[in-house]
1. Considering only segment 143-159, state which residues are surrounded by fewer than 20 Cβ atoms within 10 Å (Cβ to Cβ) and either under 15 Å from the mean Cα position of the chain (by Cα) or not in a helix (DSSP H, G or I) (or both).
2. Would you check which residues across segment 1-23 are outside any helix (DSSP H, G or I) and either open to solvent by 70 Å² or more (accessible area, probe 1.4 Å) or not small (Gly, Ala, Ser) (or both) and list them?
3. Quickly run through segment 25-46 and pick out the residues that are open to solvent by less than 10 Å² (accessible area, probe 1.4 Å) and either without any contact (Cβ under 8 Å) to a residue 24 or more places away in the chain or closer than 21 Å to residue 138 by Cα (or both).
4. Please go through segment 49-91 and give me each residue that is surrounded by 18 or more Cβ atoms within 10 Å (Cβ to Cβ), of a type in the set (Ser, Thr, Tyr) and more than 26 Å from residue 158 (Cβ to Cβ), ordered by number.
5. Which ones in segment 1-24 are modelled with pLDDT of 80 or more and out of contact with any Ser or Thr (no Cβ under 9 Å at 6 or more places or on another chain)?
6. Without any contact (Cβ under 8 Å) to a residue 40 or more places away in the chain and of a type in the set (S, T, N, Q): does that describe residue 17?
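The values are calculated or read from the model by the stated rules, or taken from the named source; none is laboratory data. The structure presented is a predicted model; accordingly, all values stated were derived computationally and were not measured. Cβ: placed from backbone, ideal geometry, glycine included. Neighbour counts: every protein chain shown. For the accessible areas, the whole protein counts, side chains as well, though only heavy atoms, and no ligand, DNA or RNA atoms are used. Shrake-Rupley method; radii C 1.70, N 1.55, O 1.52, S 1.80 Å.
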Amino acid sequence: MIEVILFAATSFAVGLSGAVVPGPMLTVTISDSMKKGFIAGPMVVSGHIIAEIILIILIFAGLGWLIGSPRASFIIGTLGGIMLILMGYNITRSSQPVPEVSEDEEVTRYGPMLKGFMTSVSNPYFFIWWATVGCAFMYKGLELAGAVGVLGFILGHWASDLGWFSTVSFLTSRGSGIMNEKHYKRIMIICGAFLIILGCYFILNAQKII
């Protein structure tokens, strides 16, 4: 049991090292937290977790090789890049004043979750990480303690994502309450531009694979 706990702690540290790297999920978490409050962070992570559950099932079904194949990376990189560009464009187009933070609207409950899912499946590095590092950790957990070891890895990994993005969401939502319209628009433009640049990078990088 101690080995499983240490393994889960290691998984948490590895997951956290990846979570803190700026990417599409972080950008969406910041932009949605400014509009919808703290709940946006956990909801974005929930969408991300759904994508990971599907991917874990595929890996154990024997499709890990397909997920990390050059052809899959090309398709995911191209389509995902286009998706990120469109999301970034929609964010930069927003010219509305600073919204009142509300956590009761239906869109607040489901919008961030969908974005968490879409930013995950549109990121080719998400699949590459799971086809390599993720697979290695899961099989190590399986070797260490069977299903309990795999569960330890998954829970440690998810705890790192939930902890980091919830913290980002909380700090961002607190700031949105005192932010003026000029600062709000500037941050939204930066977030949108980052997604557009990242989308272009994914597309260009995908063309080198095939």
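1. 146, 158, 159
2. 1, 20, 21, 22, listed by residue number.
3. If the condition is that a residue be open to solvent by less than 10 Å² (accessible area, probe 1.4 Å) and either without any contact (Cβ under 8 Å) to a residue 24 or more places away in the chain or closer than 21 Å to residue 138 by Cα (or both), then 45 is the only one that fits.
4. 78 - this is the single residue of segment 49-91 that is surrounded by 18 or more Cβ atoms within 10 Å (Cβ to Cβ), of a type in the set (Ser, Thr, Tyr) and more than 26 Å from residue 158 (Cβ to Cβ).
5. Answer for segment 1-24, where residues must be modelled with pLDDT of 80 or more and out of contact with any Ser or Thr (no Cβ under 9 Å at 6 or more places or on another chain): 2, 3, 4, 5, 6, 7, 8, 9, 10.
6. yes
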